[in-house]
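Worksheet: one structure, shown below.
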Amino acid sequence: MSISFQSGNNGAVEWASNCDWTGGDISNTPATGANCGITCLTTTGCARFTWTDYGGGTCWLKSSAASATPVAAAGTVCGYTTPTLGGYTFAAGNGGAVMWASDCDWTGGDVTSAAGAGASCGAACLATTGCARFTWTDYGGGTCWLKSSAASATPVAGSGICGYTTGATSASARQLVDAYDASNIFQMVDFFDGADPTHGDVVFLSGAGAQSAGLAYVQNNIVYFAADSTNVYASSGRPSIRWSSINTYSSGLFVFDVVHMPAGCATWPALWLLGTGQTWPYAGEIDIIEGVNQATTNQQTLHTSEDCSFTASQMAQTATLDFGDCNSANGANGNEGCGTTNYQANAYGAPFNANGGGVYATEWSSTGISIWFFPRNAIPSDITAGAPNPAGWGTPSSNWPFGSWCTANHFQDMTIVLDTTFCGDWAGNAYGSPCLGGSGIPACNWFVQHSPSAFTEAYWAINSLK
């Protein structure tokens, strides 16, 4: 058998069709074939990779212990990394969108230059039309020299950092569509002040009412959405907030940077994507952050109409599948949806808050839905640089690949929704020890109405939603 490899990602990998490597398995992750090489470049220890259509598309990452020569395998893609160029060993950066090395330079091909730190030079190249290579030096306190593909094909000796783009941007770069933050969020959302659809012991306030009551405000460029924690409400629910984005989305990567979420007895906070234009759940729902009472694990769930279900073997994820049938139409399955439990440390509730929060990222595309969580001290550099690239993030905490078992048209025209309610269908029925006053909805409602100081932690603090 003769397998012909060709260069990919501007020389960072070599790949071929209809082949596989045996042994040396490290991990696997949902991915398109075009992103499999980038995923290998950004995974420690990965030297070879194979892509198959399993689960809607899976990248199998392998070490150098895999077979030295590939074997035939129909319908697959196999490849290997080639991080050495001109005698310099390059490492992946910016989620695999660039490769960089030390003590090198490129000659010719100058496009422009910009002041900045070495760590931001790759991102500057990615954001500059025509840039294919870059060099950083300490000139003028730090300068990034941006170069086109007309620069030398191999690097030469230098005193700074040199790098090149891998072409991952053509397949995986994201264009920022909307950013909800301290500068604009109150103009980009509609506050909901109707009855709680989940029957919570709550009074949702209008935007003007929430701001007047001091429950929706900005402080130090962080946006806060809080519940009342001052007053007793013996004959009504506790004031709180629910809003939805004015804009709707048909797909995308949603990156939510949250500093603090509501936590404690009787609370039921949620941040999710909700389909519009049809009766729930016929346009779908993607629950990204959700839990009740004193939970420390996050529930990530899909709700759909009929004919959408998953098995654990289809889902390349770290979370645990709790229930596989997503159908919630007409109260089917008790509206449970196909949920997963994320047991990552500091992913929810009081531990999340104590750790300074983190980032929840959700990718919704024609091939499936995936959710990742990154604690504050482990947020990928491509996210902080404003160039998020899921290809380098590893296995998601939750993953629902589309296929004949669940088609993409179950999810349409999504809006972003955030709320904090109390008791109700889930938190009320789950209420009990160690929370005070007994168990069940009546005890939960009494606690909500008469214990204002218990809700000082019932607030969202958000850096941005993108």
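The values are calculated or read from the model by the stated rules, or taken from the named source; none is laboratory data. Not measured: the values here are computed from a predicted model. Cβ atoms come from the backbone with ideal geometry, glycine included; neighbour counts cover every protein chain shown. To get the accessible areas, we keep the full protein, side chains included, count just its heavy atoms, and leave off ligands, DNA and RNA. Shrake-Rupley method; radii C 1.70, N 1.55, O 1.52, S 1.80 Å.
Among the strands (runs of 3 or more DSSP E) confined to the range 1-107, the ones with at least 2 residues that are hydrophobic (A, V, I, L, M, F, W, C) are located at 13-20, 48-52, 58-62, 71-81, 91-93, 98-105.
Pairs are defined by a Cβ separation below 7 Å, a sequence spacing of at least 6 or placement on different chains, a first member in the range 388-401 that is on the phi > 0 side of the Ramachandran plot, and a second member that is open to solvent by 10 Å² or more (accessible area, probe 1.4 Å) and in a loop (DSSP other than H, G, I, E, B); the pairs so defined are Gly394/Thr43.
Within the range 185-203, the set of residues being outside any loop (DSSP other than H, G, I, E, B), under 16 Å from Ser245 (Cα atoms) and either open to solvent by 30 Å² or more (accessible area, probe 1.4 Å) or in contact with a Phe, Trp or Tyr (Cβ under 6 Å, 6 or more places away or on another chain) (or both) comprises Phe186, Gln187, Met188, Val189, Asp190, Phe191. Among the candidates Pro388, Pro380, the residue that is more than 30 Å from Cys265 (Cα to Cα) and in contact with an Asp or Glu (Cβ under 7 Å, 6 or more places away or on another chain) is uniquely Pro388.
Conditions (1) in contact (Cβ under 8 Å) with a residue 40 or more places away in the chain; (2) surrounded by 24 or more Cβ atoms within 10 Å (Cβ to Cβ); (3) closer than 18 Å to Ser17 by Cα, marked per residue:
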site: Ala34; (1), (2), (3): yes, no, yes
site: Leu41; (1), (2), (3): yes, yes, no
site: Thr44; (1), (2), (3): no, no, no
site: Thr52; (1), (2), (3): no, no, yes
site: Gly57; (1), (2), (3): yes, no, yes
site: Ala65; (1), (2), (3): yes, no, no
site: Ala73; (1), (2), (3): yes, no, yes
site: Tyr80; (1), (2), (3): yes, no, yes
site: Pro83; (1), (2), (3): yes, no, no
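Does the range 363-373 contain any residue that is aliphatic (A, V, I, L, M) and buried (at least 23 other Cβ atoms within 10 Å of the Cβ)?
Just the residues of the range 363-373 that are aliphatic (A, V, I, L, M), to begin with: 369, 371.
Okay, now just the ones that are also buried (at least 23 other Cβ atoms within 10 Å of the Cβ), so 369, 371.
Taking every residue of the range 363-373 in turn, at least one turns out to be aliphatic (A, V, I, L, M) and buried (at least 23 other Cβ atoms within 10 Å of the Cβ).
Is it the case, given these coordinates, that Thr230 is under 24 Å from the mean Cα position of the chain (by Cα), among the hydroxyl-bearing types (Ser, Thr, Tyr), open to solvent by 10 Å² or more (accessible area, probe 1.4 Å) and closer than 25 Å to Gly356 by Cα? No.
Determine which member of the set Gly437, Gly428, Gly394 is open to solvent by 60 Å² or more (accessible area, probe 1.4 Å), in contact with a helix residue (DSSP H, G or I) (Cβ under 9 Å, 6 or more places away or on another chain) and either among the small types (Gly, Ala, Ser) or within 21 Å of Phe192 (Cα to Cα) (or both). Quick ask: steps written out before the conclusion?
Working: Gly428 fails: open to solvent by 60 Å² or more (accessible area, probe 1.4 Å); Gly394 fails: open to solvent by 60 Å² or more (accessible area, probe 1.4 Å).
Result of the check over Gly437, Gly428, Gly394: Gly437.
Only one residue in Ala216, Ala210 is in contact with a Leu (Cβ under 9 Å, 6 or more places away or on another chain) and open to solvent by less than 20 Å² (accessible area, probe 1.4 Å), so which one is that?
Working: Ala210 fails: in contact with a Leu (Cβ under 9 Å, 6 or more places away or on another chain).
When all the criteria are applied, what remains is Ala216.
Out of the range 238-276, which residues are at pLDDT 95 or above and assigned to a loop (DSSP other than H, G, I, E, B)? Those that are at pLDDT 95 or above and assigned to a loop (DSSP other than H, G, I, E, B): Ile241, Ile246, Asn247, Thr248, Met261, Pro262, Ala263, Gly264, Cys265, Ala266, Thr276.
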